[in-house]
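Below: one structure, written as structure tokens.
The values are calculated or read from the model by the stated rules, or taken from the named source; none is laboratory data. Predicted model only: the values in this text are computed from it and were never measured. For neighbour counting, all protein chains shown are included, and Cβ atoms are generated from backbone atoms with ideal geometry for every residue, glycine included. Remember, those area values only see protein heavy atoms, side chains included, never the ligands or the DNA or RNA. Shrake-Rupley method; radii C 1.70, N 1.55, O 1.52, S 1.80 Å.
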Amino acid sequence: MTDRVSRLPAGEAGGTPRRRVRVVGIGSGGPDQITVEAITALRESAYAVAAVKGASDPLVDLRRQLLARHAPGVELVGVADPERDRSSRSTSSHVGYRGVVLDWHEARSLAWERVLADRPGDVAVPVWGDPAFYDSTLRIVDRILARGRLDFAVEVIPGISALQVLAARHRLVLHEIGGTVTVTTGRRLAEVVAGGADNVVVMLNADLPLEDLADWHIWWGGNLGDAGECLVAGRVGDVLGELRGHRERLRAEHGWVMDVYLLRRPVAAG
């Protein structure tokens with residue numbers, strides 16, 4: 001599918017500039033984290049698009065605030081996000097979960113395609129953090145192009161990811177000297193640890209399944225970049241209850257919680 005996608009700047013020598021879809025990383029939540037390049041991309045777009053989840057979506061509201069500050073006059077067009085099957089029967093296995101997500105991507109791409117077909121001009125898609133980390137936007141855009149009904153060039157503008165903000169807030173280097181860092185999701189954490197990873201950044205957390213890692217060290221950040229961001233570090237067994245309390249508090253206060261953390265295996269004696 002991706003071999004049909006052009007990610008070159010719009011326009012060719014002697015030709016008509018192609019319409020552009022810009023996938024714009026906007027940082028992890030703070031309005032000052034967006035880059036100058038990203039601001040320029042937003043300002044040059046005719047409008048922006050965002051998926052709307054439910055009658056009230058605070059993350060869409062934050063995108064509107066960011067546009068009002070950095071690209072005034074650029075409208076944010078909300079697209080109702082299709083329902084996703086979240087039943088344990090469908091998502092308990094990796095294969096089942098992948099199938100559910102692919103079905104959801106297809107439905108979302110059709111909804112976005114209808115908006116792009118109805119509204120001409122260059123469009124920006126503001127993406128939390130960086131489009132390269134656990135975000136489906138580029139896959140959605142690829143599906144639209146693969147159907148062949150619309151033609152446009154795709155530009156990707158990188159953003160500051162939650163991984164970077166976590167490291168900065170805790171004054172961390174994410175890996176040991178000459179070591180590695182594994183980036184995974186909460187869903188696959190146990191699998192990654194069982195495979196021998198000892199330095200793990202974890203994203204997309206439905207909960208904190210850390211009871212079996214009590215002696216590991218954790219550096220945790222919740223709603224990073226937001227005015228209400230929260231940081232905790234320590235031995236997992238000592239801070240797990242505190243972490244869960246902060247997650248529930250952030251969800252209650254803001255209507256959403258996004259957290260990321262680094263786990264490091266304890267060094268064996270000797």
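What the table below lists for this structure:
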{"quantity": "Residue under evaluation Ala132, criteria (1) open to solvent by 70 Å² or more (accessible area, probe 1.4 Å); (2) among the hydrophobic types (A, V, I, L, M, F, W, C); (3) touching a helix residue (DSSP H, G or I) at 6+ places or on another chain (Cβ under 6 Å), criterion not met", "calculated": "(3)"}
{"quantity": "Filtered residues of the stretch 209-256 (kept if modelled with pLDDT under 95, of a type outside the set (Asp, Glu) and surrounded by fewer than 19 Cβ atoms within 10 Å (Cβ to Cβ))", "calculated": "Pro209, Ala227, Gly228, Arg251, Ala252, His254, Gly255, Trp256"}
{"quantity": "The stretch 168-187: number of residues that are open to solvent by 60 Å² or more (accessible area, probe 1.4 Å) and either small (Gly, Ala, Ser) or not in a loop (DSSP other than H, G, I, E, B) (or both)", "calculated": "4"}
{"quantity": "Checklist (1) among the polar types (S, T, N, Q); (2) more than 25 Å from Glu83 (Cβ to Cβ); (3) touching a Lys or Arg at 6+ places or on another chain (Cβ under 9 Å) applied to Ser109, failing item", "calculated": "(2)"}
{"quantity": "Unmet requirement for Arg108, which otherwise passes all of (1) surrounded by fewer than 18 Cβ atoms within 10 Å (Cβ to Cβ); (2) in contact (Cβ under 8 Å) with a residue 40 or more places away in the chain", "calculated": "(1)"}
{"quantity": "Residues within the stretch 124-175 that are farther than 20 Å from Glu106 by Cβ and among the hydrophobic types (A, V, I, L, M, F, W, C), tallied", "calculated": "17"}
{"quantity": "One residue from Ala68, Ala38, Ala80, Ala48 being open to solvent by 30 Å² or more (accessible area, probe 1.4 Å) and either on the phi > 0 side of the Ramachandran plot or at pLDDT 95 or above (or both)", "calculated": "Ala68"}
{"quantity": "Close pairs (7 angstrom Cβ cut-off, 6 or more residues apart or separate chains): within 19 Å of Leu210 (Cα to Cα) in the stretch 159-187, at pLDDT 95 or above and aromatic (Phe, Trp, Tyr) anywhere", "calculated": "Leu166/Trp219"}
{"quantity": "Unique match (being open to solvent by less than 30 Å² (accessible area, probe 1.4 Å), within 22 Å of Leu189 (Cα to Cα), touching a Lys or Arg at 6+ places or on another chain (Cβ under 8 Å) and in a helix (DSSP H, G or I)) among Val101, Val165", "calculated": "Val101"}
{"quantity": "Residue match in the stretch 228-248 (condition: in contact with a Phe, Trp or Tyr (Cβ under 7 Å, 6 or more places away or on another chain), of a type outside the set (A, V, I, L, M) and under 29 Å from Gln65 (Cα atoms))", "calculated": "no"}
{"quantity": "Any hit, the stretch 139-151, residues being open to solvent by 30 Å² or more (accessible area, probe 1.4 Å) and within 22 Å of Ile39 (Cα to Cα)", "calculated": "no"}
{"quantity": "Those residues of the stretch 216-270 which are in contact with a strand residue (DSSP E or B) (Cβ under 8 Å, 6 or more places away or on another chain) and in a loop (DSSP other than H, G, I, E, B), in sequence order", "calculated": "Trp216, Asn223, Leu224, Gly225, Glu229, Val257, Met258, Arg265, Pro266"}
{"quantity": "Pair list, Cβ < 8 Å and 6+ apart or interchain, from the stretch 53-66 residues that are over 15 Å from Met258 (Cβ atoms) to residues that are assigned to a loop (DSSP other than H, G, I, E, B) and open to solvent by less than 40 Å² (accessible area, probe 1.4 Å)", "calculated": "Leu66/Ile26; Leu66/Ile34"}
